[in-house]
1. What number, in percent, do you get for the relative contact order of the chain if the mean sequence gap of Cα pairs under 8 Å and at least 6 apart is divided by its residue count?
2. For Arg431, Arg545, what's the fewest-to-most ordering of other Cβ within 10 Å of each Cβ?
3. Using the beta-carbon distance between Arg246 and Lys71 and R0 = 60 Å, what value does 1/(1 + (r/R0)^6) give for FRET efficiency, to the nearest 0.05?
4. Quick check: residue separation of Ile386 and Ile353 times 0.36 nm, minus the Cα distance between them. What number comes out in nm?
5. Among the listed pairs Lys110/Lys194; Lys31/Lys51; Lys172/Lys409; Lys7/Lys309, which are separated by more than 24 Å between their Cα atoms?
6. Counting pairs of alpha carbon atoms under 8 Å apart in space and at least six apart in sequence, what relative contact order in percent does the stretch 287-358 give?
7. Around Glu66, under 15 Å between beta carbons, what's the net of Lys plus Arg minus Asp minus Glu among the other residues?
8. Of the DSSP beta bridges with both residues in the stretch 186-344, give the percent that are antiparallel, rounding to the nearest 5.
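Where a number appears in this text, it was derived from the coordinates with a stated rule and is not lab data. Since the model is a prediction, treat every value here as computed from it, not as a measurement. Cβ placement follows ideal geometry from the backbone for every residue including glycine, while neighbour counts extend to all protein chains displayed.
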Amino acid sequence: MVNPLLKAPEGPPSDVEEIKERSNYLRGTLKEVMLEPLSAGIPDDDNRLMKHHGSYLQDDRDLRNERQKQKLEPAYQFMLRVRLPGGVATPNQWLVMDELAERNGNGTLKLTTRQTFQMHGILKWNMKNTIQDIHKSLLDTIAACGDVNRNVLCTSNPYQSEIHLEVYEWAKQLSNYLLPRTRAYHEVWLDEEKVAGTPEMDEVEPMYGPLYLPRKFKIGIAVPPTNDIDVFSQDLGFIAVVEEGRLAGFNVAIGGGMGSSHGDKETYPQLAKIIGFCTPDKIQELAEKVITIQRDYGNRSVRKNARFKYTVDRLGLETVIEELENRLGWRLEEAKPFYFKSNNDRYGWVKGIQGKWHLTLFIQNGRVADLNGYKLKTALREIAAIHTGEFRITANQNVIIANVTSHKKKKINELLEQYGLTDGSQHSALRRSSMACVALPTCGLAMAEAERYLPVLLDKIEEIVDKNSLRDKEITIRMTGCPNGCARPGLGEIAFMGKAPGKYNMYLGAAFDGSRLNKMYRENIGEEDILSELQVLLSRYAKERHDGEHFGDYVIRAEIIKATTDGTNFHD
Ligand code: SRM
Ligand code: SF4
């Protein structure tokens, strides 16, 4: 199977590889350490394994210094991420998440950039019963994090609602097919007994193998004209091709990713490149073979270079395609034409098929909470209690109340009015096109604020926007607390990546449809400089833009940012 002409990088395995190897298919000592009463945390080795079960040990960073002073252990708590292919949840599942966040979490839900629920602030002692309740609602947290295929994305905005259902089914099937086969999750969290001496004991991971992948792996399916899932940021992206009203198949793109480290040229964001087309019945096999190429040739020595994008760059795109076609035993067809309009969500009610309605609501940075008199969480709970369709979490951290009958639409509208819930139309189009990652206080990697700060910064940017009559102009703006790229900042027409408390690198020039990366414009600047830069840029844009020209395109035409020759702004 392994091609002797191709090689994985040499070097000693990274610590995580060793932990996985010793773990007996992701079991480690998780079961035991979760019962250990003396600390609210768990040892680092088990935390590395924990990720494969959909959770991270964190500590409340707002309390870190104070607890250190008091010689207390950090305020340990767990983040829990649900596997929710295509972001689709039933009203009952919404209610379960809502209740669990209240009972065992910090009282809020985070809708993530990969279309799922995260809960924060779960104490060690509550982890098992939380996971069990999630399981009872027919959801799980398996492979939501870790060196495996993650939550499979699927366009949620119903421009083509008849196709959505079909594509969503493929996303779900892919997600299930690519799940790890180990029973570790069931044993650790769901009290499944390990049956000794039977063939089940000799469990193997037919696709992943005992070491799983060198790094996380991400798949997304976009349904044009919407690129709401940022298909070019995925390790493996599928672009639905609709011919004569039916799903003909998918264009296939490989090797995307957003993360980098400040000042380290060996790490970079990268857009996935389109390598061909295949029919829907082939995508499962194709995904499996792409994953096995990464399994066999990915970097298991240096984790910062272990993502598939680096494997593709190291081996060369043509070589990877050849290897893929050899493994498949068939050739990809030529890619078909497609057109993306935007990578944002469209808001408000739209009518879909069979007389059903869909309502996209603006959820600022995906945080579902009752805050400052805006009872978002309560309102969504009440909607879930009467809703008979589904909830679709978008990859832009918003939610769609989907498949609503005309009768229920009236009731839902009454609830919207009662709670002052909004599709965002009272905000600027810029705010409605914004995203921020979690960052502080829970993310251990955050160098600066993001989710808590972007709304405050937007209040000030909106003043500039208004002054320049740009209130209705959609401009994609994204912020992350570090360069790992969790809100896909590389694809923001304007983006900020945290460098230090209150300091950000500022990026400009991504394409509005998610097909071109942005570039660094200013380094390590604070709020005052951000606002004065935007003052100049937005007023020039207001005066100099062509009809229908997007901000990201304008900054390149005006030579504020220089595009690379192929127009993609791949790293240079
Ligand atoms: Fe992410 C790590 C949050 C989407 C790239 N991400 C983290 C961790 C787990 C921090 C950590 O490792 O300790 C963050 C937890 C924060 C917290 O307190 O919740 C975190 N990532 C998130 C979420 C919740 C951001 C959000 O506000 O929505 C998103 C959860 C997605 C999900 O439901 O699965 C999230 N992360 C992404 C995305 C966007 C995407 O996948 O479409 C990316 C960029 C795409 C990519 O992977 O290239 C992303 N996260 C990273 C990276 C950099 C990985 C890399 O190889 O470049 C890290 C750091 C790492 O893995 O070492 C990271
Ligand atoms: Fe944390 Fe950085 Fe991801 Fe934001 S981008 S959630 S700060 S890892």
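1. Numbers: 1247 pairs, mean separation 75.1, N = 572.
Contact order relative to length: 13 percent.
2. Numbers: Arg431 21, Arg545 17.
Lowest to highest Cβ neighbour count: Arg545, Arg431.
3. Working: r = 66 Å, r/R0 = 1.10.
So, using R0 = 60 Å, E works out to roughly 0.35.
4. On the way: separation 33, 0.36 × 33 = 11.88 nm, distance 2.08 nm.
Additional length available on full extension: 9.8 nm.
5. On the way: Lys110/Lys194 34 Å; Lys31/Lys51 14 Å; Lys172/Lys409 27 Å; Lys7/Lys309 16 Å.
Flagged as over cut-off: Lys110/Lys194; Lys172/Lys409.
6. On the way: 31 pairs, mean separation 14.6, N = 72.
Relative contact order comes out at 20 percent.
7. Values: positive: Arg61, Arg64, Arg67, Lys69, Lys71; negative: Asp59, Asp60, Asp62, Glu73.
So the environment of Glu66 carries a net charge of +1.
8. Numbers: 15 of 20 bridges.
DSSP beta bridges in the stretch 186-344 are roughly 75 percent antiparallel.
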